[in-house]
1. What percent of all Cα-Cα pairs in segment 25-216 falls in each 5 Å bin, counting up from 0?
2. Rounded to whole Å, give me the distance from the Cα center of segment 71-135 to that of segment 147-165.
3. I'd like the Karplus ³J(HN,Hα) series for segment 186-198: coefficients 6.51, -1.76, 1.60, θ = phi - 60°, whole numbers in Hz, and an x wherever there's a Gly or Pro.
4. What is the calculated FRET efficiency for Leu214 to His45, with r their C-beta to C-beta distance and R₀ = 22 Å, to the nearest 0.05?
Amino acid sequence: MTAASLAVPRATAGPTGHAEGRAPHPAVAGLTAVAGNVLGVAFLHDMPSAYRPASLRDWVSAVSEQPLATSASAACFSVGLVALALWARELGARLATPRARTGALLIGFGALANAAASVFPLVQAVHVGACGPACDAAGRALLGSALALDALFNVTLGIGLLSMAPAFTGQPWLRRLATAAGALSLPVSAQVVWDPAATLLLFAGPCWLLLVTLTSFRPVSARAR
């Protein structure tokens with residue numbers, strides 16, 4: 001297999017005159033993924049209890065007190081995670097190895113599951129609110145589920161990136177970045193039961209966001225061109 005055969009096919013004009021064989025530009029999905037996740041975190045700036053198991057009761061109260069910030073964060077996370085699944089699919093196709101495609105599927109599965117779970121805080125803010133013990137119990141169930149699926153996302157993201165990393169044989173620095181991002185993301189999944197694990201996001205998050213940004217613009221292949 002030659003390097004040229006690994007390239008994304010160029011568009012050709014079909015019988016209707018429209019381009020055929022053109023993959024969606026990865027920058028669209030990649031930048032949307034980055035923007036959505038960064039904004040999702042930014043809206044939770046005044047909510048330190050978010051996504052921390054030991055502070056679940058405080059998170060329930062904070063959601064009721066800050067419904068607009070919660071809803072905006074949930075919307076941004078959902079859009080960003082759907083875009084991340086699209087980015088992973090595109091990158092897996094460009095790297096064109098079985099392991100890379102498998103890694104892309106794992107990332108896509110986790111991202112879509114987490115996109116759905118990201119709406120749970122919005123449901124708590126808009127439809128449940130604060131009405132006493134019953135609402136608090138419903139809130140803990142919703143937010144606890146969101147936390148659990150966020151942990152699942154970090155597992156699939158970590159395994160997926162580690163699976164894709166060896167395919168960056170033509171770009172060793174991208175291979176190292178993908179490996180670091182994957183290795184750092186895996187322990188973040190322990191946040192579902194252990195608060196300190198969430199602090200690893202300070203390292204894992206910038207790594208995978210940087211990888212998404214770089215691969216959205218820079219041509220990648222499984223071999224050096």
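No value in this document is a laboratory result; all are computed from the given coordinates. Keep in mind that this is a model prediction, so the values were computed, not measured. Methodologically, a virtual Cβ is constructed for each residue, glycine included, from the backbone with ideal geometry; neighbour enumeration extends over all protein chains shown.
1. For segment 25-216, the binned pair fractions read 1, 9, 16, 22, 19, 13, 9, 6, 3, 1, 0, 0 percent.
2. 12
3. These are the phi-based 3J(HN,Hα) values: 4, x, 4, 4, 5, 4, 5, 10, 9, 3, x, 4, 5 Hz.
4. In this case the efficiency is close to 0.25.
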